[in-house]
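The values are calculated or read from the model by the stated rules, or taken from the named source; none is laboratory data. Note that the structure is a prediction, hence the values are computed from the model and not measured. As a convention, Cβ positions derive from the backbone with ideal geometry for all residues, glycine included, and neighbour counts pool all protein chains shown.
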Amino acid sequence: MARKPRASGELLLLSASAVLAVYAAGYVLTEPGAAAIGQAAGQVAPASVGAHLRDGTYLGAGQSQFGSVFVTVAVEQGRISQVWINAVTTTFPQNVIASLPAEVVERQTTAVDLVSGATGSSTAFVAAIRAALQQAQG
Amino acid sequence: MDTLVSIDVAGTSSEAMVERAFGWFALVESVSSRFERESEVMRLSTVVGVPVRVSAVLFEAVRFAMAVARETGGAFDPAIGGLMEARGFNRSYRTGRRVTSPAASARATFRDIELDAANETITVHRPLVLDLGAVVKGLAIDLAARELASVRNYAIDAGGDVYASGCNPDGQPWRVGVRHPRRPAEVCCVLQLSDVAVCSSGGYARPAAGGQHHIIDPRTGSSPSELISTTVVAPSAMLADALSTAAFVMGAAAGIDLIERQGADGYALSHNLHVATTHGFWRRAAAPAA
């Protein structure tokens, strides 16, 4: 069933470039979904970050008994340049941990101050950061 | 997305590769869900007048949605989330929880959103809720498809939005039925697809009172009533997803014209069961509708 090639519209090109741009951002999905959450739980001890982070954008998921936190960590020139909280499914609202991404960037470490009254959320946040940084170090 | 995703691989693939393909759906949903107050897109809704640096997934989804909005003169509009909330479409189908954004304007349009491609920032100029529902499922499918590119023969089905690559296990193009909107047990037609996506939109999926449903014309605030379903076949799932929603809002004539202009194929079924298609649509069908 031969078809004559047709001129594609502008939107098709844009949709293709969107996929390329997302891949170029360097998301690493080595342990997606439930696997990542399972692995990250139990590895929540704060730790300093080594100097050997690869540049890229990394997704991390962390879990505590109160729910999950999803983060994106951007590494530029070996340093944590941005931290986003993508989603929080804990029973606590996100604003109780809203200060933590800036702390991670400032201190370049996951040793954030646990937040009083929201230990579950901050524990899950730290686990999510660690899961993301493990990929940056791997 | 609150959608069941299945990936059917004809041939050999690594489990890790398929896991990564599924991972894109979790990632895209965590970024873009209008039903999670703390998702990146919902936090963006609360910051007005200030450029916000966003992740690549969110930026690309919004950039594409904005281009479709411009192309359709606002018949498709990602700023429609506040209006959707006001219409009661704010309950997560997964958790049952409602999300409301009291400050968000139901009158916001895509013209209130500014993108800065160089810095990957988004600025919203009035309180609004972005609804990326008509692009992100397609984007996740396209991202998963690229993950599986080396497999060649596979199909990804995310709640009826399908990307079919290569051949089915019988060595034939994948056969995808288009559900009949009035008779759920029947199909309108069966498509034979290879290396393309197919997405459908219709008011039948989530009906509401008074003939209203979950697709709203952003320009009027009402559910469009001419069509009962649209189906688009395109090389990209994000394109097929957005075009089927836009065409549903625009109606048969303008909708089919839009699909044709973008180099895709489409099918529109009206309330009186009149069928309109692009010139190339039936070449993709195994058998025309009875």
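Screening residue A:122 on (1) at pLDDT 60 or above; (2) buried (at least 17 other Cβ atoms within 10 Å of the Cβ); (3) over 25 Å from residue B:33 (Cβ atoms) shows it passes everything except condition (3). Here the stretch A:91-111 is the region considered, the condition is being in a loop (DSSP other than H, G, I, E, B) and at pLDDT below 70, and the residue that is surrounded by the fewest Cβ atoms within 10 Å (Cβ to Cβ) is A:91. Quick one: is residue A:54 at pLDDT 80 or above and over 24 Å from residue B:32 (Cα atoms)? It is true that residue A:54 is at pLDDT 80 or above and over 24 Å from residue B:32 (Cα atoms). Considering the stretch B:180-207, and only residues there that are surrounded by 18 or more Cβ atoms within 10 Å (Cβ to Cβ) and closer than 30 Å to residue B:87 by Cα, the residue that is modelled with the lowest pLDDT turns out to be B:203. Note on the stretch B:29-59: residues that are in contact (Cβ under 8 Å) with a residue 24 or more places away in the chain, in a helix (DSSP H, G or I) and out of contact with any Lys or Arg (no Cβ under 8 Å at 6 or more places or on another chain) total 8.
Taken as a whole, the structure places residue B:62 among residues that are in a helix (DSSP H, G or I) and either modelled with pLDDT of 90 or more or away from chain A (no Cβ under 14 Å) (or both). Against the test of being farther than 25 Å from residue B:15 by Cβ and without any contact (Cβ under 8 Å) to a residue 60 or more places away in the chain, the options B:101, B:165 yield a single qualifying residue, B:101. Please work out if residue B:91 is touching a Leu at 6+ places or on another chain (Cβ under 7 Å), charged (D, E, K, R) and not assigned by TED's automatic domain parsing to the domain that holds residue B:241. Criteria not met by residue B:91. The residues listed here are B:118, B:79, B:21; of these, the one that is closer than 29 Å to residue A:83 by Cα and either facing chain A (nearest Cβ under 10 Å) or among the aromatic types (Phe, Trp, Tyr) (or both) is B:21.
From the list B:111, B:126, the one residue that fits, being assigned by TED's automatic domain parsing to the domain that holds residue B:69 and in a helix (DSSP H, G or I), is B:111.
Take the residues in the stretch B:24-47 that are in contact with a strand residue (DSSP E or B) (Cβ under 6 Å, 6 or more places away or on another chain) and more than 8 Å from chain A (Cβ to nearest Cβ), then tell me which one is surrounded by the fewest Cβ atoms within 10 Å (Cβ to Cβ). Top of the filtered list is B:44. Residues of the stretch B:139-158 that are closer than 15 Å to residue B:11 by Cβ, within 14 Å of chain A (Cβ to nearest Cβ) and β-branched (Val, Ile, Thr): B:156 alone. For the stretch B:106-121, the set of residues classified as in contact with a Leu (Cβ under 7 Å, 6 or more places away or on another chain) and crowded, with 22+ Cβ neighbours inside 10 Å consists of B:108 only.
The set of residues from the stretch B:235-254 being within 14 Å of chain A (Cβ to nearest Cβ) and more than 12 Å from the chain's Cα centre (by Cα) comprises just one member, B:235. Each residue in the stretch B:236-290 was checked for being touching an Asp or Glu at 6+ places or on another chain (Cβ under 8 Å), small (Gly, Ala, Ser), farther than 23 Å from residue A:18 by Cβ and buried (at least 18 other Cβ atoms within 10 Å of the Cβ), and 2 pass.
Go through the residues of the stretch B:97-113 one by one and say whether even a single one is of a type in the set (A, V, I, L, M) and modelled with pLDDT of 90 or more. Checked the stretch B:97-113: at least one residue is of a type in the set (A, V, I, L, M) and modelled with pLDDT of 90 or more.
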